[in-house]
Amino acid sequence: MSDVPGDPNRESIPLLLARTTSRIALAPKEARASLRVPSTRAESAGPIGYLRSRLGAAGTLVAAALVLFAIFADMLANDLPIACKLHGQLWLFPNITQPAELVALGGDATSSEAEWKVSALVPHGPTSPTAAPLLAPGRVTGHPFGTDREGRDVFARVIHGTRTYLVFALAAVMVSLLFGGLLGSLAGLFGGGADALVGRAIETVSAFPPLVLVLGIQAAVPHATVATLFLAIALTRWPEVARLVRAEVMQVATRDYVMAARALGASPLRVLRRHIAPNVRGQLIVLGAIGVPAVILIEASLDFLRVGPPAGAASWGETMSEFRDAPMAWWLLAFPGVFLFATIVALNLVGEARREMMDPRTR
Amino acid sequence: MFAYALRRAIWAIPTLFGVSLVVFVLTTLLPDPALDEGGSPADVAHRLRLDELRRARFLDLPRFVNVAPTDVRTGVDACIVHLVADDDDAELCEIRLAQIGGAGLPYLLPHLDTIPPTPRGRIAMALAPIARRMGVGDERELASPSSAALFWERFWEDRSVDFTAPAVHREVDRLVKRGSDLREEELRFVDTFALEQLVEAMRLTKDRDALVRLTRLASHVTERDVTVKPDDDAKRVRAVVSDWQSWWYVHDSDYVALQGGAKVTASIAQTRYAKWVLGAATGQLGLSTSDGEPVFDKLLARAPVTLGMAFLALLLSAAIAVPLGVLAAWRRGHFVDHTTALLLLAFYSLPTFLVAELLATFGRASDAGFVLPVVALATVSLSVMTQQQRASMIEALGQDYIRVARAKGARTLRVAVVHALRNALVPTITLAGVQFPALVGAAFVVEEVFGIHGMGWETLRAIESRDAAWIVAVTLLCAVVTTACLVTSDVAYGLLDPRVREQQIMRRRTT
């Protein structure tokens, strides 16, 4: 699987719940074929569908819930109501459209002056200071997860943080998949100089611990923004993708049907698109699924260390870092922590389940 | 075997080259002080300070190729051109000439009479600080342009014999061996011309008395007050010497004339990249911009904390992972296996900073020093290592020799430990080498939470104060440590398993 010697990301290969043999190529292929791996329950059960793997299903469910939270964050927590009638005018979804008049009026005034309203589940936005700081969670206060040091509602921050993190991580993973996929297939297809160059580039970038490289870039760039963080994280992620795609492309390129396509005059691009891409796609999805939690973890760590760029709406790491200044306010650590943990577990499970589906060897 | 290890180490060279390029790009991202602060061109003191800041980072040099490397000769020539033309930079050049000092005289004084009288007088006046440093000439002579010019012409007739490298070399040698005030006085006559030899001598000698004299001389001619005092402790002496070495590393092109082959190599060596890489390789990582300490010394103080913590965490996680992995493999598909798999998934998904924060909060009452941070750190690699141990153990248990051992009546425990584990440990050991860098990265977070003053803690402070030199140095160190771990891990794998060795070499050959 990994053709680059001294593969520093080797630790990512034997992932959790992987079923059987060591995937670090220990013995030549023939020798491995002769290994008598005793049959296991999973094997005798035959090919299990991905959704029938219970943990995978649970992970998918949680991940889906998180995606829904992210999409409907404004329905769950916003200053402005979902719909209201104010001074004889009907407002629909002001929580999403954020009309200037109502924003100027403020969330509390809008709610109290409205003739009727349908509020969001928690009528507080993620950035607006509402009540007293460090309010403990409870039904009475109207803040189910309490408030942070600036009096912002933690529930709103957690829910909106889901959106911040998921969007960011998905985008960063997409970019790294694109970039890594491109370079990896270039190296695999053309070999020779291109391959050597990409190979060294992969080794170089993977020589940096991701967090350290991201910290270094963020510190070195004159004006660190979300964009630079985004690029920095994408930069740390692409080698893994490129390595996999390169190996896969090289392997597939020797197959008879690819040879036949080439002999028939198909251009390398066509071969890549029609014959190689379908083989690689599944692996890429797995990498994507595993990449998202990894990116979220780095971003949350940076926010927690307070070295990340100012987050857009809300960030879990930032809320959790406030716990360090207010050690009695357990809710600052607990709620974002649970969400962060659940996100990472769920996405890892999804990735694992996909991997198992893809790769019968690990079943 | 040694050849194999060597070969693997050589493979790392392109990687290290790439690493140096990446970190170099990082340094170029750092803001240029010239762009940062405005300041008018007339403000000479400001420009000098700015120049100094830029030179410390070699920003005055081109990035990769220097088509026109500068030395003392070109420096003097440029100054003369500006002074003759009497342009905006003339005032700056007067100061520069005085700074270049005695080293520039052999390239200036012989041609003094070819320069038109007005600039000649001006140049002679600009050189006056040098004469004062040397302790020659009297103030009346140096007061007016015409008499100053005459003075310098006469000076060169009398003294040009002293301005030769062998003569100075001999003098410095004697000063180091048998220091006397008279010898020191004599070396003052050649001013900065002796600087190269002085700095070189500082590096070579350990003698306190000689160092006192050498640093005093160097400080005198450069007007930087960095000297060894007779009653300084060893640490301070070392700091002063390394300060001079790094100063010389930045400024040598002001004082040394390039000759012959050196001119050709200078086009590569006198570039930002080459200067930076060579400096980094010899431990000259510049001065920390926040407190002015040499970054290398700071790194020496902080790195052992972080690396030690990571190493302890690695040991701890291996100590848990190996038995757990063996157990899971032995009871594969059963309750124990599933439970550990679930637990490990949980550990794998727990953010390090969350674990650290929880441990720090609940463990605050019992201040256990290094224990809790190491435990927090160990959770990072625990899952991956257990999983690896389990997988390799399962593979080992499926081998024929296990069957044979069992058939011959070996006990269960003996089969597991002696026959299977011996082989199954190999991948785990090599994995540990790869895990180490990950732990170093995670240690940054753990240090911050527990307030341990290691590399990570220092880095976060550096980010707050925008201490560029430190950040670059840490990034570089981490990458080098990672590469070294990788090489070690591969070599260990090859040592423990000859089949892998063959395979690694074969694979490299095909790519």
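Here, each number is a calculation from the coordinates, and none is a lab measurement. What you are looking at is a predicted structure, and each value in this text was computed from that prediction instead of being measured. When we count neighbours, we look across all protein chains shown, and the Cβ atoms used for this are built from the backbone with ideal geometry, even at glycine.
Computed quantities for the displayed model
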read-out: Relative frequency of Cα-Cα separations exceeding 18 Å in the range A:102-217, percent; value: 69
read-out: Distance (nanometres) between label positions extended 7 Å along Cα→Cβ at B:Phe2 and A:Lys85; value: 9.4
read-out: Magnitude of the charge dipole, chain B, Cβ model with Lys/Arg +1 and Asp/Glu -1, debye to 20; value: 3660
read-out: Qualifying lysines (Cα of each under 16 Å from Cα of A:Lys117; at least 8 residues distant if same chain); value: A:Lys85
read-out: Ratio of Rg to Rh over the range B:302-510 (Cα coordinates, Kirkwood Rh, two decimals); value: 1.05
read-out: CD proxy at 222 nm, helix term only [per DSSP H run n ≥ 4: -39500 (n - 2.57); per residue of chain B; nearest 500]; value: -24000 deg cm²/dmol
read-out: Distance cut-off 14 Å, percentage of C-alpha pairs in the range B:296-338 lying past it; value: 63
read-out: Alpha-carbon gyration tensor eigenvalues x 5, square-rooted, for the range B:381-478, Å; value: 46, 12, 8
read-out: At most 14 other Cβ within 10 Å, DSSP loop - GluC sites (Glu not before Pro), the range B:22-125; value: B:Glu37
read-out: When the convex hull of its Cα atoms is projected in every direction, mean area for chain B (nm²); value: 33.0
read-out: For the protein assembly as shown, with +1 on Lys and Arg beta carbons and -1 on Asp and Glu, the positive-most of B:Tyr401, B:Gly363, B:Leu108 along the dipole; value: B:Tyr401
read-out: Rg and Dmax [Cα atoms of the range A:154-362; Å; Rg one decimal, Dmax integer]; value: 19.9, 71
read-out: Label-point gap, in nm, between B:Val65 and B:Leu343 - each point 7 angstrom along Cα→Cβ; value: 6.2
read-out: Percent of Cα-Cα distances greater than 24 Å, calculated over the range B:1-147; value: 51
read-out: For A:Ala83, residues with placed amide H under 5 Å, excluding near neighbours; value: A:Phe93, A:Val118
read-out: A:His143 long-range amide H proximity, modeled H, under 5 Å; value: A:Gly138
read-out: √(5λ) per eigenvalue of the Cα gyration tensor, the range A:169-220, largest first, Å; value: 24, 15, 7
read-out: Gained length - B:Leu315 relative to B:Arg154, 0.36 nm times residue gap less alpha-carbon distance; value: 50.6 nm
read-out: Relative contact order for the range A:154-362, counting Cα pairs under 8 Å that sit 6 or more residues apart, in percent; value: 29
read-out: Loop sites in the range B:255-347: trypsin sites (Lys or Arg not before Pro), DSSP, at most 15 other Cβ within 10 Å; value: B:Arg331
read-out: Charged-residue dipole, Cβ positions (Lys, Arg, Asp, Glu), the protein assembly as shown about Cα centre, Debye nearest 20; value: 5420
read-out: Nearest-0.05 FRET efficiency for B:Asp173 and A:Ala342, computed from C-beta distance (R0 60 Å); value: 0.25
read-out: Above-threshold pairs, the threshold being 19 Å between Cα atoms, out of B:Lys177/B:Lys206; B:Lys177/B:Lys235; B:Lys275/B:Lys298; value: B:Lys177/B:Lys235; B:Lys275/B:Lys298
read-out: Extreme residue, positive dipole direction of the range B:394-511, given options B:Ala492, B:Val445, B:Val472 (C-beta unit charges); value: B:Ala492
read-out: Sequence-separation-based contact order of the range B:166-254, relative, with Cα cut under 8 Å and 6+ spacing, percent; value: 25
read-out: Sites B:Glu186 and A:Val226 - FRET efficiency at Förster radius 56 Å, r taken between beta-carbons, to 0.05; value: 0.30
read-out: Efficiency of FRET from Cβ geometry, B:Lys408 and A:Ala196, R₀ 41 Å, rounded to 0.05; value: 0.25
read-out: P(r) of the range B:260-402 over all Cα-Cα pairs, binned every 10 Å from zero, in whole percent; value: 10, 24, 21, 19, 13, 10, 3, 0
read-out: Translational diffusion coefficient (Stokes-Einstein; Kirkwood radius from C-alpha pairs) of the protein assembly as shown at 4 °C, 1.567 mPa s, in µm²/s; value: 41
read-out: Calculated SAXS-style log₁₀ I(q)/I(0) at q = 0.15 Å⁻¹ - the range B:166-254, Debye, Cα scatterers; value: -0.47
read-out: Simple Cβ-charge dipole of the range B:166-254, Lys/Arg +1 and Asp/Glu -1, about Cα centre, in debye nearest 20; value: 400
read-out: Estimated inter-spin distance, A:Leu105 and B:Thr205, nm [label 7 Å along Cα→Cβ]; value: 8.5
